[in-house]
Amino acid sequence: MAQPARPPAGYPSQNGAGQQPYSNGPVQNQLMRSSDGQGYSPLVPGSYPHQTPVKVPPHQSSGQYNYSGSQNVSQLNNYQGPGQTLNRPPVAPFSGSPVQQTGPVPQVLLPAMQNSAAISSAGSFPPGASPPVLSNWQYSPTPVSQPVGSQTSHLAPVMGTGSAQPPSSLPGNTNPPGSYQYAASPGALPLQNTYMKPGSAPPPVTQPLAPLLHPPPRPPLGPPPVGGPPLVRPSTLIAGPPNTQSMLNSAANREGDATSAASDGSVVQNSYDAIEGGGLMASPHPPPAPPNLKMNRSVGYSYPALPPGYQNTSPPGAPGMQASALQYPDGSKHFHQPALGTNHLTASMSGLSLQQEGLRPVNLLQERNILPTTLLKAPIPNLHEDIQRLNCNPELFRCTLTNIPQTQALLNKAKLPLGLLLHPFKDLSQLPVVTSSTIVRCRSCRTYINPFVSFLDQRKWKCNLCYRVNDVPEEFMYNPVTRVYGETHKRPEVQNATIEFMAPSEYMLRPPQPPVYLFVFDVSHNAIETGYLNTVCQTLLDNLDLLPGNTRTKIGFITFDSTIHFYSLQEGLSQPQMLIVSDIEDVFIPMPENLLVNLNENKELIQDLLRTLPQMFTKSLETQSALGPALQAAFKLMSPTGGRISVFQTQLPSVGMGALKSREEPNQRATAKDIHLTPSTDFYKKLALDCSGQQVAVDLFLLSGQYSDLASLGCISRYSAGSVYYYQSYHHKHNPVQVEKLQKELKRYLTRKIGFEAVMRIRCTKGLSIHTFHGNFFVRSTDLLSLPNVNPDAGYAVQMSVEESLTDMQVVSFQSALLYTSSKGERRIRVHTMCLPVVTTLSDVYLGADVQAITGLLANMAVDRSVSATLSDARDALVNAVIDSLSAYRSSVLSIQQPGLTAPYSLRLFPLYVLALLKQKAFQTGTNTRLDERIFTMCQVKNQPLVYLMLMTHPSLYRVDNLTDEGALNINDRTIPQPPILQLSVEKLSRDGAYLMDAGSVMFLWIGKNCGQSFISQVLGVPNYGSIPQNMTHLPELETAESIRTIAFISWLREQRPFFPILYIIKDDSPLKSSFLQNMIEDRTESALSYYEFLLHIQQQVNK
């Protein structure tokens, strides 16, 4: 098969775009524009939002898939003028539930993509065939009985209208295998299904990314201090990486039109861009490119410009985890939709009293008890209640500033970063799913119709991003919920800020790919010694039937030491047949047709192989590791279809391509300079980009007690939209708690929902611009993220700027669209839309600051700064972010200068959270952090949803020896105590109590020396304090009220995340006590200031 063209060696700092070869950084201004249309991409296991260089699509190969004709990318710069009023008729109360539309819908004028793979009836059509015209809409929520990991989420309806445009190809499958009900019977009445279970609130919605205009270059960044705040603030800022250029054309353009001109004048196939519909403004006749791109604009002041590529956040929907149902508007409530015109908004908002509490000055040096006793919630935007009721759930889509500054000058003056944090594929308990042969989108910017558009009359709607007036398609006039003609404002698309579309054939470049899973195991002597293979093979055996997929699911296995071993699972064999390839310099695939086999048809052979694999290499003395050649072989095997590669590695690769040498010097860990945060080779990044071009994602499981150079190995996952798992010092006997952690997390990994061949685009209102992405992915064009696999546990972040003044705008909107192929073979588009008010004063900007989102975005930027500059620079930049914002507040907002250190109430936790970041393993100084551990923490920062990132940064501390039922939650007949959250300081501990610290991926239960005898006996099950074992990691299940309450509380905390936190029970003399105390953020440590000392340092700098 023809191999895809290999991208040039010097990739830009963003995933694949930029000139700093290795950092996953922000996407700078790119000269390319892709037309509106997100193409479809195959399977993608994890989702790492990194920018990767675009590859020219491979020529038609002997493989199964052919990409059809080329399309032109229209340029995205013809916005309709702003300032038009958005008046829409009042909306009648919304009743009933949306029904999936199956009526005739106009075909989108995008070329259908050819794909020879089998097409599942639910979501795809054969090449060239038009989608069937169905007479009725049927809107059907996913059955409640679905497995949690793959449920479709049903969100509360959001009022709004979207724009009619060609279907886009954004991935975003949420339904579990086999659980979709979308067929409509011709002639039958539409089904009336409610969006949500009665009495349940809609879950959070993940939002697709909004299109960028021309992203400005990274802002200059100010460095932070090592070992404590700097005495002198650095004066020079380091600019971010250069813009991604034409390197990103071909793949990115696929999401738009079929062919696009690269910046070098060559024509590149653009299938992905064409399908989803292009970037900011795509128009049928592209206007000339704007003359100046203002490449050197400083965006947002001196924050570290961080490349995209590490943010990994996981959603709360792991197997066994409860899908979240947030308290958001219920779809069945009746409400009157106000017009969203600017006049109306002005009038409605003038009557609202601003939440002045957010501006109340807080003297941080005097008010010590500022930490809330419950988890901090996202601020609510200051919008009319009828608009806010329709807004996107902040767990899916949130902005660092809920009041958007009208100008870049105002944003610069506030010294706060502007950006979005997304959790687009999060497990949702309820999600409206609509089937229709026409998806209504704006003809200019390709925005999907949403609750925040304006209906000028029954036949016209105005886009809320570019203000173009669009026609309402005839079939959109019929409301499937009420079965009434002419109620466009009541349709599900206009009632829900989060919605999923079943995409018609226009959103496919080829038939939807089958789910394909390839497992690659290290079987060197070191690997066998750890015993990991027994655990992994047994977990796979137990969950083989739960892998997401259908009758087309394929599976294969490769093992490697200094040679590569393939396993033929041909039908008719009595047992699996091993094929050994010893030439690792020129890897080839023996018998390719029998190495990836149908899971259902060959299940017995597969089970036989999994049972025998752990014993096959027990006597091996081979110590070498040929990871690079094994990955090359896996890529060749997977490239015809796409899919997910899961690699298990236990040591530093030592032979063949990609071999590495140790770079860790334990005595130099304390210095912030000269630590090796960048890759030592570009082999893994280049291979990841090849994988991304063929819709293959690679997930890395690193189980190692020795240095393995995760900085280099992690690139294989970062740029292919995969995930990284790290089990430090894994050993089945010496470290048994890691075995349980691997089992639980691997089960979640194997059974959670997955989206294949996905692309994501974020669009925003004209005048705003996105310029940097963070996460695991490759950026195909200026704003199109390639996600060969997308998973529900991945988060993303983007940085933004105000390119043009938002004068005459009362509100702005952001929309993310994720086009993906579900494990059932359906092409789906998940869309999230968020609306926020525009403000003109500095005090209003501070009033709407979301301190958690700001901290999350700064953490992403600091990771990029660490990689592109130094760790010391990143620390300095974090400290300066606090100094600058509090200085601006003091000088420009406070009318009366007060002694002490004053912060607005909305930012009262900002210094505490930044200090917590400085003490986190990613950014701390000192000799106790191993290099791979630091790199893994940076990977988590870049790829975790905000909720988990904040828990990892600032743990929660609870006293648990006096739990009561007062204020407890009742969930599924279980009573869950809700103790208050305590400050992270030793002064809050009492020797008479027991305290639980929840640090996200680990938990500590500290037992005081004088803890009550009843707790020790009735919860720990031992007679006295001295009898508590040193290595206790489990609580016994006792029939006592205290035991039931404690276990219920810990289990509830664990269920809300996709990873498994180990519980360590520690005493005063426990060796793990130092780890527990290290998380006491407010206390002084060897290398970092206490919270009070940090505030004094900030005060000294602010008062200069």
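The values are calculated or read from the model by the stated rules, or taken from the named source; none is laboratory data. What you see is a predicted model, and the numbers here were worked out from it, not measured in a lab. Cβ placement follows ideal geometry from the backbone for every residue including glycine, while neighbour counts extend to all protein chains displayed. In case anyone asks, the SASA skips ligands and DNA or RNA and just uses the protein heavy atoms, side chains included. Shrake-Rupley method; radii C 1.70, N 1.55, O 1.52, S 1.80 Å.
Averaging sequence separations of C-alpha pairs under 8 Å and six or more residues apart, then dividing by the length of the range 836-910, give the relative contact order as a whole percent. Don't skip to the answer; put the middle values down first.
On the way: 40 pairs, mean separation 32.9, N = 75.
In percent, rounded to a whole number, it is 44.
Which value, in Å², gives the accessible area per residue of the range 866-945 when a 1.4 Å probe is used on the protein heavy atoms?
Numbers: 1750 Å² over 80 residues.
Here the residues of the range 866-945 average 22 Å² of exposed surface.
Solvent-accessible surface of the range 728-845, taken per residue with a 1.4 Å probe and all protein chains present: 17 Å². Computed packing ranks the peptides 678-688, 1079-1089, 1031-1041 as 678-688, 1079-1089, 1031-1041, most packed first, by mean other Cβ atoms within 10 Å. Here the label points at Ser892 and Leu365, each 7 Å from Cα along the C-beta direction, are separated by 2.4 nm in the simple model.
Determine the alpha carbon to alpha carbon distance for each of Lys603/Lys744; Lys919/Lys988; Lys415/Lys1073 and list only those over 28 Å. Exceeds cut-off: Lys415/Lys1073.
Site pair Leu982 and Lys460 shows an inter-label distance of 6.5 nm when each label is modelled 7 Å from Cα along Cα→Cβ. Extension gain for Asp1069 to Phe588 (0.36 nm times residue separation, less C-alpha to C-alpha distance): 167.5 nm. At an R0 of 25 angstrom, the distance between the Cβ atoms of Ser1027 and Ser1051 translates into a FRET efficiency of 0.55.
Please list, or write none, the lysines whose alpha carbon is within less than 16 Å of the alpha carbon of Lys686, excluding same-chain residues fewer than 8 places away. Within the straight-line cut-off, Lys686 pairs with Lys55, Lys636.
Contact order, relative form, for the range 650-771: 22 percent (alpha carbon pairs under 8 Å, 6 or more residues apart, mean separation divided by residue count). Distance from the Cα centroid of the range 1054-1100 to that of the range 1029-1046 is 24 Å (rounded to whole angstrom).
Spin-label model, Glu664/Asp973: points 7 Å from Cα along the beta carbon direction are separated by 4.8 nm.
What's the local net charge at Asp1068, with K and R +1, D and E -1, over the other residues with C-beta under 12 Å away? Before the final figure, lay out each step's value.
Numbers: positive: Arg991, Lys1009, Lys1067, Lys1073; negative: Asp1069.
Result for the local shell: +3.
Candidate cross-link partners of Lys462 among the lysines, defined by an alpha-carbon separation under 22 Å and a same-chain spacing of 8 or more, comprise Lys490, Lys766. Here's the list of aspartates and glutamates a cross-link from Lys733 could span, going by alpha-carbon distance under 17 Å and ignoring same-chain residues fewer than 8 apart: Glu529.
For Cα pairs less than 8 Å apart in space and 6+ apart in sequence, what is the mean separation divided by the residue count of the range 382-479, i.e. the relative contact order in percent?
Working: 86 pairs, mean separation 17.4, N = 98.
Here the relative contact order equals 18 percent.
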